[in-house]
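One structure is given here, and the rest of the page talks about it.
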Amino acid sequence: GFAAATFLRGIRYIQIPTTLLAQIDSSVGGKTAINIPGGKNLVGAFKQPSLVICDPDTLKTLPAHILSDGIAEAIKYGMIRDPGLFALLDAHNSDNVLPQADEIIARCVTIKRDIVAKDEFDTGERMLLNFGHTLGHAIERHSEFAYTHGQAVAAGMCMLSARTAAPAVTARLIGCVSNYGLPTDYDAPMQELTALCGHDKKRMGSELSYVVCPAIGQGEIRKASFPDFCRMMEESL
């Protein structure tokens, strides 16, 4: 996608995603980017594909941990917008979720499509899609990408929820994440992770945007000064 956005100042391209993560998230919405030493996805462009072809049968070829990577993003969609989707995921696990793939893909793509249609360039409502990502990107980088994107987002959602949501909401999230063998925490000093959050794309000057879910299916965008965000995350639980 990034190559298509830049080659000859832009050419048309088609996405044929073969992982769940790509089918429900990265192939939808037109964000294209590459990582640089300064951070994740910091060089990129908005470039909408001409067509996206999702074949759920490709998911049968994936190792369990790669399938779970995509489930982390599906859980995110349930948390921010669709309690029914969250309940569906919560009722299954890595061993029996594949028969639900058609419904999961359709519901996730519908959520992302509707949000992106209102905010293509990520200046408002589209930030909802970053639940767990500010901390997740920091975890990816701190682990030197030993944590996959889905693993880092899963841990980021749980760690943020523990500091911003009611215990019952966090317990359900942790339970659902655990169903798929995904991590619910990351073993590193929080000060080191918050320092990396300072490089996140959602930081504008001294202010950082982040997403909380007071209830399942109810995502909210909040803003705080970067020092206040760090203090919130670094408080002992």
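Values quoted throughout were computed directly from the atomic coordinates according to the rules given, and no laboratory measurement underlies them. Keep in mind that what you see is a predicted model, and the values were worked out from it rather than measured. Cβ: placed from backbone, ideal geometry, glycine included. Neighbour counts: every protein chain shown.
List of remarks:
- Directionally averaged projected area (convex hull, Cα atoms, the range 59-170), nm²: 7.7 nm²
- For the chain, a Gaussian network of Cα nodes joined below 10 Å ranks PRO83, PRO63, PRO183 by mean-square fluctuation, and the top entry is PRO63.
- Centre-to-centre, using Cα atoms only, the range 31-91 and the range 158-175 are separated by 21 Å.
- Footprinting exposure proxy for THR164, THR110, THR134 (fewest neighbouring C-beta atoms within 10 Å first): THR110, THR164, THR134
- In Å, descending, principal axis extents of the Cα set of the range 80-137: 38, 25, 16
- With semi-axes defined as the square roots of five times the eigenvalues of the C-alpha gyration tensor, the equivalent ellipsoid of the range 119-237 measures 20, 17, 15 Å, largest first.
- Dimensions of the chain from C-alpha coordinates, computed as largest minus smallest value along each principal axis and given longest first, are 47, 43, 33 Å.
- Annotation: the residues MET79, MET159, MET232, sorted from fewest to most other C-beta atoms within 10 Å of their own C-beta, follow the order MET232, MET159, MET79.
- Across the chain, Cα pairs under 8 Å and at least six residues apart give a relative contact order of 20 percent.
- Mean Cβ neighbour count within 10 Å, used as a protection proxy, ranking 135-145, 6-16, 47-57 highest first: 135-145, 47-57, 6-16
- Around the amide H of ASN35, modelled in the peptide plane, lie the amide H atoms of ASN41, all under 5 Å away and 5 or more residues distant in sequence or on another chain.
- Between LYS223 and PHE121, the simple label model (points 7 Å from Cα in the Cβ direction) yields a spacing of 1.7 nm.
- Counted charge near LEU85, where neighbours are those whose Cβ lies closer than 14 Å (Asp, Glu -1; Lys, Arg +1): -2
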